[in-house]
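Structure record follows, encoded as structure tokens.
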Amino acid sequence: MEKWECTACGYIYDPEKGDVENGISPGTAFENLPDDWVCPQCGVGKEFFQKMG
Amino acid sequence: MRVIIIGNGLAGTISSKTLRELDQKLEIDVFAEEKHHYYPRPNLIEFVAGNIPQERIFAFPGNWHQRQKISIHLENPVRRILASFQEVEVGEGKREKYDFLLIANGSSAFVPPIKGAEKAGVFTLRTLDDAFHILEYLENHRQVAVIGGGLLGLEIARAIRAKGADVEVIEFFDRLLPRQLDVQGASLLKAQIEKMKIKIRLKSATEEILGQKEVKGLRFKDGTQVKRDMVVVAAGVRPNTSLAKEASLETDRGLIVNEYLQASHPKIFAAGDCIQHSGRVYGIIPASFDQARIAASNIIGEQRKYRGTVPSNTLKIVGLYVTSVGLVNPEGEEFEEIQIENKEDGIYKKIVLHNGNLVGAIWIGTKKGVTEISRAVTEKQNVTKWKESLLKDNFDFSLL
């Protein structure tokens, strides 16, 4: 599963770790995050993320 | 201990969040001029474009401050800092005492001295209220000029174009994104943007906004006139320094801080768009983020040094990835520039070397290697041995 980076602040979403603090369990692919999920660092939406690599 | 934070933008919000993470007992008060809760500014563009609904502009749920035990005072700006008393004045003569003050009151949109800039129909986009005003005016005014061909100007043009209006971007320089791109990269970007039916006018200084009370057009320095009924000015931002100045804190272009992000008074720290560190004013999210975390840690008693943030911008405009890292328009013979362009695929890449060390890069139309190249620029890696192959499609970026 690929990592995604927030283009606004640089936060990296790592599917292996998920975003436990906001109810996203480890192993959740970026594509499967809920539509209203936001960057846990700066708060922008999914549309600001880009696939890394 | 009580910390007062001025401002609820990114720096104010992230520093309050960090303070709470570090200390559960700390009393945290945020005073803000803003009437809305924290929203990341990039969301404003998507909101204007109609890509996200109003409720999704905000970063955190409505009860976030309550859960974090952070007292937020909206529409309640600090009016005066009384540094020697460790107090701020809020509301009418009401004073609040602090142990530490964190100034994060940001920056304001800069409007160049253009004749007629006070007319109805002239906007800037900095706050959520600005976005509301733009959308309202846009309903009955469909000929828009965006003054400024920088990152924000192009993003605004894209958003307004998405609303079906006619948009023309007016740029003073001879190229778009003058800070991030060189001439060659910018001309490739321009061609892509024009495909989106956004007009671009370069080398044009706006001298006057025409019309009686409302915008009817623009007149440029060379005498040319164009009909337009709405103007959005995107000519950059300037740090808000008047509050700090009145408190006799050291200021220049921004509020001056040392490497611990401390202002010229030991109980006052600062972070975000309002500060000037090592002669630099950043105005970018990653820098504000780093600063907010460090300033908050130092208030708690750590001794963390802020070492600056390398500006890195990847934006996606008209479906085109544009990355610009570090120094991209070097001046002087000691620099070496190597570039490659493929017009058909809309790809342009350039690296800038200083004594063989990588100090800057532009990547347009591709993301391949962007992460690695950005890191290599940050580390000023010596890439002499790869300089011939680095720009090729098949280069193994894991070598960096």
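Brief remarks on what is shown
- Across the protein assembly as shown, the volume of the C-alpha convex hull divided among the residues equals 162 Å³ per residue.
- Ellipticity at 222 nm from helices only: DSSP H runs of n ≥ 4 in chain B, each -39500 (n - 2.57), divided by the residue count, give -6500 deg cm²/dmol.
- Selected from B:Asn382, B:Asn342, B:Asn329 as most flexible by GNM, with chain B as the system and alpha-carbon contacts under 10 Å: B:Asn342
- Fraction of accessible area attributable to carbon and sulfur, region B:99-186 (%, probe 1.4 Å): 54
- Rolling a 1.4 Å probe over the protein heavy atoms of region B:1-83, with every protein chain left in place, gives an accessible area that is 44 percent carbon and sulfur.
- Residues in region B:365-382 carry Karplus couplings, in order, of x, 8, 9, 4, x, 4, 5, 5, 5, 4, 5, 4, 5, 4, 8, 6, 4, 7 Hz; the curve used is 6.51 cos²θ - 1.76 cosθ + 1.60 with θ = phi - 60°, and Gly or Pro positions show x.
- Alpha carbon centroid spacing (whole Å) that separates region B:102-135 from region B:332-375: 34
- A dipole drawn for region B:46-172 from +1 and -1 charges on Cβ atoms has a positive end, and of B:Ile156, B:Leu102, B:Ile134 the residue lying farthest that way is B:Leu102.
- Remark on region B:39-58: accessible area falls by at least 20 square angstrom from chain-alone to full-complex state for B:Pro40, B:Pro42, B:Asn43, B:Glu46, B:Arg56, probe 1.4 angstrom.
- Where trypsin sites (Lys or Arg not before Pro) fall in DSSP loop in region B:364-400, at most 12 other Cβ within 10 Å: B:Lys392
- Here the dipole of chain B is about 440 debye; that uses its Cα centre as origin and unit charges on the Cβ of Lys and Arg (positive) and Asp and Glu (negative).
- Amide N of region B:228-271 lying under 20 Å from the label point, which is placed 7 angstrom from the Cα of B:Glu208 along Cα→Cβ: B:228-233
- Pairwise alpha-carbon distances in chain A exceed 14 Å for 42% of all pairs.
- Backbone HN-Hα couplings from phi across region B:4-15 [Karplus 6.51/-1.76/1.60, Hz, Gly and Pro as x]: 9, 10, 9, x, 10, x, 4, 5, x, 6, 5, 5
- For B:Ser248, the accessible surface of its heavy atoms amounts to roughly 100 Å² (probe 1.4 Å, protein chains only, rounded to the nearest 10).
- Net charge dipole, the protein assembly as shown: roughly 540 debye, given to the nearest 20, about the Cα centre with Cβ charges of +1 for Lys and Arg and -1 for Asp and Glu.
- Chains B and A together, accessible area buried on both sides, 1.4 angstrom probe, square angstrom: 1500
- Applying the Karplus relation 6.51 cos²θ - 1.76 cosθ + 1.60 with θ = phi - 60° to region B:105-121 yields 3J(HN,Hα) values of 8, x, 9, 10, 4, 8, 10, x, x, 9, 4, x, 5, 8, 5, 5, x Hz, where x marks Gly and Pro.
- Percent carbon-and-sulfur accessible area, region B:284-400, ignoring ligands, DNA and RNA, probe 1.4 Å: 44
- Loop-located trypsin sites (Lys or Arg not before Pro) in region B:127-220 (DSSP state other than H, G, I, E, B) with a sparse environment of at most 15 neighbouring Cβ atoms within 10 Å: B:Arg142, B:Arg179, B:Lys195, B:Lys197, B:Lys203, B:Lys213.
- Region A:9-31 and region B:251-329 have Cα centres lying 26 Å from one another.
- Between region B:14-66 and region A:36-53, the alpha-carbon center distance in angstrom: 15
- Of the residues B:Asn329, B:Ala270, B:Ser297, the one whose Cα sits farthest towards the positive end of the charge dipole of region B:259-400 is B:Ser297 (charges of +1 on Lys and Arg Cβ, -1 on Asp and Glu Cβ, taken about the Cα centre).
- Pairs beyond 32 Å (Cα-Cα), from B:Lys197/B:Lys221; B:Lys190/B:Lys380; A:Lys46/B:Lys203; A:Lys3/B:Lys267; B:Lys163/B:Lys350: A:Lys46/B:Lys203; A:Lys3/B:Lys267; B:Lys163/B:Lys350
- Å² of accessible area per residue within the protein assembly as shown, as computed with a 1.4 Å probe and no ligands counted: 46
The values are calculated or read from the model by the stated rules, or taken from the named source; none is laboratory data. Just so you know, these numbers come straight off a predicted model, no measurement behind them. Counting neighbours? That spans all protein chains shown, and the Cβs are built from the backbone with ideal geometry, glycine included. Remember, those area values only see protein heavy atoms, side chains included, never the ligands or the DNA or RNA. Shrake-Rupley method; radii C 1.70, N 1.55, O 1.52, S 1.80 Å.
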